[in-house]
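Asker: Right, I'll just put the structure down here and ask away after.
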Amino acid sequence: MAALAVIESAILCAMIRFAFLVVLTLTLPAPPRDLRVQGQRISQHLQALSQFGKNPQGGVSRVAYSDADLAGRQYVMGLMREAQLEVTVDAVGNIVGSRAGNDPSLKPLLIGSHIDSVPEGGNYDGTTGSLSAIEVAQMLAERHVTLRHPVQVVIFQNEEGGTVGSHAIGGGLDDKLLNSVSQSGKTIRDGTRFIGGDLALLAQVQRPPGSIAGYLELHIEQGGTLEKSKINIGVVEGIVGILHSEVTIEGFANHAGTTPMDQRHDAMLSAARFVERVNQIVTSIDGRQVGTVGWLKAQPGAYNVIPGKVTLGLELRDLDEIKILAMFNRIRAEAAMIGQLNDTHFSFSDPTLIHPALTDKRFQKLIDDTAKELGLTTKVLPSGAGHDAQEIAEIGPVGMIFIPSIAGISHSPKEFSRPEDIENGANVLLQALLKLDELP
Ligand code: GLV
Ligand code: MN
Ligand code: MN
């Protein structure tokens, strides 16, 4: 008899729990399709963040691991707490703000970007997506919206110096990268410590493939396509791969006044020929690939000494990794020939390669549909700039939303995006996130 009573009460309990869940589900507000960000608040936050590392040209120099970077990170963490996110700094120094979901069995949805800049950079690269992602979290908090999935707002560290924070999550960091010197003058290892990372725990940062439900990143286009064609929203189809190699040219330093022109082993002359040849090789192939020599140092570096050594930075980008490697091999082969012209010697450091990444087709459609429902025009386009999304693509599906960059200028204090475009982009981010949350 007693056993029967126990079974009856267990059944009753289960029925009550089921009824409770049904009532809860029916009374939960549907994902609010009318939810919109406060564009003015994003503009205010962008303005406030631009004070950290502000430079006289009107942009910012907030390179990763600088004092300005540290101060900007503190500011952003404050905003994240106001948005009721639970804020932590992971072992590599990424800032992660978490909002719990309703269904503990679901993997997190990630949104975010970066707040570090290039030297003499602008006020919109990375910050637009970062502050918009925080605004999305703020709106969810203000409207008491709990999604099915947990949401993580991630501000990745040192995007500009090699997508370091997102690479640690997607692929791990090796000693070569950790020991390389960043724009701040600190090694990535020391810089990571400086911003609160703990590299002894680095292994915990890497996330296995399949461990996230998806990642959405809003970013300025950094090119002129959207503005020129008067399109509101870019749906990114893929993000270029980026190869970097340091090239050393060794010649012979000698007196610039007494050494006849036909007896010189001028490393600078070889560098000049090399720069021109890189341009010719890259432009001789059909497609959107680009190649740049972005920096060059001559030694000993005096008016009256023929340079005995030049080091320079070669960068190649394309959506197709095979094409990047083919261009690199051709450039290396032709460098050897340039060296023979005046008996100088070229050597190339082992290239570092950030892999190209395609965005998820479902995410592309979802972003496109969302933008159109908001009355915005869209265009599918590739990203010529690198982004944290391409590292996160190693562990799950990613999507990227672009907004117009005025005159296509970026990595410059003249970088600008209109507040109304930022608001549009942030609303697409918010509504696309709500839709992603509903996907099975
Ligand atoms: C990052 O902004 C890059 O494309 O270099
Ligand atoms: Mn960026
Ligand atoms: Mn950038």
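The values are calculated or read from the model by the stated rules, or taken from the named source; none is laboratory data. In this text, all values refer to a predicted model and were calculated from it rather than measured experimentally. As a convention, Cβ positions derive from the backbone with ideal geometry for all residues, glycine included, and neighbour counts pool all protein chains shown.
Asker: Which of the following residues is surrounded by 17 or more Cβ atoms within 10 Å (Cβ to Cβ) and either aromatic (Phe, Trp, Tyr) or farther than 16 Å from SER66 by Cβ (or both): ILE169, ILE195, ILE155? Step through it out loud before you land on a result.
Answerer: Values: ILE195 fails: either aromatic (Phe, Trp, Tyr) or farther than 16 Å from SER66 by Cβ (or both); ILE155 fails: either aromatic (Phe, Trp, Tyr) or farther than 16 Å from SER66 by Cβ (or both).
ILE169 is the lone residue from the list that is surrounded by 17 or more Cβ atoms within 10 Å (Cβ to Cβ) and either aromatic (Phe, Trp, Tyr) or farther than 16 Å from SER66 by Cβ (or both).
Asker: Here is a follow-up. Considering each of GLY197, GLY224 in turn, give the residue that is under 30 Å from MET327 (Cα atoms) and either of a type in the set (Gly, Ala, Ser) or within 19 Å of the chain's Cα centre (by Cα) (or both). Walk me through it before giving the result.
Answerer: On the way: GLY197 fails: under 30 Å from MET327 (Cα atoms).
Answer to the check: GLY224.
Asker: State all residues of the range 82-105 that are crowded, with 17+ Cβ neighbours inside 10 Å and aliphatic (A, V, I, L, M); if no residue qualifies, say none. Explain how you work it out, then say what you get.
Answerer: Initial filter on the range 82-105 (crowded, with 17+ Cβ neighbours inside 10 Å): 83, 85, 87, 89-99, 101.
ALA83, LEU85, VAL87, VAL89, ALA91, VAL92, ILE95, VAL96 - these are the residues of the range 82-105 that are crowded, with 17+ Cβ neighbours inside 10 Å and aliphatic (A, V, I, L, M).
Asker: So for the range 92-106 (the condition being hydrophobic (A, V, I, L, M, F, W, C), more than 28 Å from ALA203 (Cα to Cα) and more than 16 Å from ligand 1 (Cβ to nearest atom)), does at least one residue qualify?
Answerer: To start, the set of residues in the range 92-106 that are hydrophobic (A, V, I, L, M, F, W, C) comprises 92, 95-96, 100, 106.
Remaining after also requiring more than 28 Å from ALA203 (Cα to Cα): none.
Checked the range 92-106: no residue is hydrophobic (A, V, I, L, M, F, W, C), more than 28 Å from ALA203 (Cα to Cα) and more than 16 Å from ligand 1 (Cβ to nearest atom).
The rows are residues; the columns are (1) within 17 Å of SER113 (Cβ to Cβ); (2) of a type in the set (S, T, N, Q); (3) assigned to a strand (DSSP E or B).
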position	(1), (2), (3)
PHE363	yes, no, no
ALA371	no, no, no
ILE401	yes, no, yes
SER412	no, yes, no
ASP437	no, no, no
PRO440	no, no, no
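Asker: Looking only at the range 304-325, decide whether some residue is assigned to a loop (DSSP other than H, G, I, E, B), within 14 Å of ILE249 (Cα to Cα) and out of contact with any Pro (no Cβ under 6 Å at 6 or more places or on another chain). Let's see the steps before the verdict.
Answerer: Step one: filter the range 304-325 for residues assigned to a loop (DSSP other than H, G, I, E, B), giving 304, 307-308, 319-320.
After this cut, where a residue has to be within 14 Å of ILE249 (Cα to Cα) as well, the list is 307-308.
Those left that are additionally out of contact with any Pro (no Cβ under 6 Å at 6 or more places or on another chain): 307-308.
Looking for residues that are assigned to a loop (DSSP other than H, G, I, E, B), within 14 Å of ILE249 (Cα to Cα) and out of contact with any Pro (no Cβ under 6 Å at 6 or more places or on another chain), one finds at least one in the range 304-325, hence yes.
Asker: Does ALA357 satisfy being closer than 29 Å to ILE324 by Cα, away from ligand 2 (no atom under 16 Å from the Cβ) and surrounded by 20 or more Cβ atoms within 10 Å (Cβ to Cβ)? Even if it seems obvious, please write down each step before you answer.
Answerer: Working: closer than 29 Å to ILE324 by Cα: yes; away from ligand 2 (no atom under 16 Å from the Cβ): no; surrounded by 20 or more Cβ atoms within 10 Å (Cβ to Cβ): yes.
Considered against the rule, which asks whether it is closer than 29 Å to ILE324 by Cα, away from ligand 2 (no atom under 16 Å from the Cβ) and surrounded by 20 or more Cβ atoms within 10 Å (Cβ to Cβ), ALA357 comes out as no.
Asker: Specify which of the listed residues (GLY287, GLY223, GLY210, GLY257) is without any contact (Cβ under 8 Å) to a residue 40 or more places away in the chain and not in a helix (DSSP H, G or I). Outline the logic, then answer.
Answerer: On the way: GLY223 fails: without any contact (Cβ under 8 Å) to a residue 40 or more places away in the chain; GLY210 fails: without any contact (Cβ under 8 Å) to a residue 40 or more places away in the chain; GLY257 fails: without any contact (Cβ under 8 Å) to a residue 40 or more places away in the chain.
Result of the check over GLY287, GLY223, GLY210, GLY257: GLY287.
Asker: Another question, if that's okay. Only one of these is closer than 16 Å to MET400 by Cα, acidic (Asp, Glu) and in contact with a Ser or Thr (Cβ under 9 Å, 6 or more places away or on another chain): GLU250, GLU237. Name it.
Answerer: GLU237
Asker: Report whether or not ILE367 is under 20 Å from the mean Cα position of the chain (by Cα), in contact (Cβ under 8 Å) with a residue 40 or more places away in the chain and in a helix (DSSP H, G or I). Talk me through it step by step, then tell me what you get.
Answerer: On the way: under 20 Å from the mean Cα position of the chain (by Cα): yes; in contact (Cβ under 8 Å) with a residue 40 or more places away in the chain: yes; in a helix (DSSP H, G or I): yes.
Taking the combined requirement at face value, the residue satisfies it.
Asker: Those residues that are touching a residue at least 40 places away in the same chain (Cβ under 8 Å), farther than 19 Å from ILE403 by Cα and either within 12 Å of ligand 3 (Cβ to nearest atom) or assigned to a loop (DSSP other than H, G, I, E, B) (or both), I need them from the range 117-152; list them, please. Outline the logic, then answer.
Answerer: Taking the range 117-152 and keeping what is touching a residue at least 40 places away in the same chain (Cβ under 8 Å), we get 117-141, 143, 145-152.
Applying the additional criterion that residues be farther than 19 Å from ILE403 by Cα yields 118-120, 137-141, 143, 145-152.
Residues satisfying the conditions are VAL118, PRO119, GLU120, ARG143, VAL145, THR146, LEU147, ARG148, HIS149, PRO150.
Asker: For LEU140, are the conditions met, namely being crowded, with 18+ Cβ neighbours inside 10 Å, touching a helix residue (DSSP H, G or I) at 6+ places or on another chain (Cβ under 9 Å), closer than 25 Å to SER412 by Cβ and at pLDDT 95 or above? Outline the logic, then answer.
Answerer: Values: crowded, with 18+ Cβ neighbours inside 10 Å: yes; touching a helix residue (DSSP H, G or I) at 6+ places or on another chain (Cβ under 9 Å): yes; closer than 25 Å to SER412 by Cβ: no; at pLDDT 95 or above: yes.
So LEU140 fails the test.
Asker: Can we say ALA389 is part of a loop (DSSP other than H, G, I, E, B), of a type in the set (A, V, I, L, M, F, W, C) and within 16 Å of ligand 3 (Cβ to nearest atom)?
Answerer: Numbers: part of a loop (DSSP other than H, G, I, E, B): no; of a type in the set (A, V, I, L, M, F, W, C): yes; within 16 Å of ligand 3 (Cβ to nearest atom): yes.
Spelling it out, it is not the case that ALA389 is part of a loop (DSSP other than H, G, I, E, B), of a type in the set (A, V, I, L, M, F, W, C) and within 16 Å of ligand 3 (Cβ to nearest atom).
Asker: Would you mind telling me which numbered condition in (1) surrounded by 15 or more Cβ atoms within 10 Å (Cβ to Cβ); (2) not in a helix (DSSP H, G or I) PHE328 fails?
Answerer: Single failed check for PHE328: (2).
Asker: How about the range 331-342: which of its residues are surrounded by 14 or more Cβ atoms within 10 Å (Cβ to Cβ) and either farther than 14 Å from ILE281 by Cα or acidic (Asp, Glu) (or both)? Give the derivation first.
Answerer: The first filter runs over the range 331-342 and keeps only residues surrounded by 14 or more Cβ atoms within 10 Å (Cβ to Cβ), leaving 331-332, 334-335, 338-339, 342.
Result: GLU334, GLY339, ASN342.
Asker: A further question on this structure: Would you be able to say whether some residue in the range 148-171 is of a type in the set (D, E, K, R), within 16 Å of ligand 2 (Cβ to nearest atom) and either in contact with a helix residue (DSSP H, G or I) (Cβ under 8 Å, 6 or more places away or on another chain) or not assigned by TED's automatic domain parsing to the domain that holds PRO208 (or both)? Quick ask: steps written out before the conclusion?
Answerer: Here is the first cut: in the range 148-171, the residues of a type in the set (D, E, K, R) are 148, 159-160.
With the extra rule that they be within 16 Å of ligand 2 (Cβ to nearest atom), the set shrinks to 159-160.
Now restrict to residues that are either in contact with a helix residue (DSSP H, G or I) (Cβ under 8 Å, 6 or more places away or on another chain) or not assigned by TED's automatic domain parsing to the domain that holds PRO208 (or both): 159.
Yes, some residue in the range 148-171 is of a type in the set (D, E, K, R), within 16 Å of ligand 2 (Cβ to nearest atom) and either in contact with a helix residue (DSSP H, G or I) (Cβ under 8 Å, 6 or more places away or on another chain) or not assigned by TED's automatic domain parsing to the domain that holds PRO208 (or both).
Asker: Could you check, for the range 218-225, whether at least one of its residues is away from ligand 1 (no atom under 16 Å from the Cβ) and small (Gly, Ala, Ser)?
Answerer: Kept after step one, since they are away from ligand 1 (no atom under 16 Å from the Cβ), are these residues of the range 218-225: none.
No, there is no match, as no residue in the range 218-225 is away from ligand 1 (no atom under 16 Å from the Cβ) and small (Gly, Ala, Ser).
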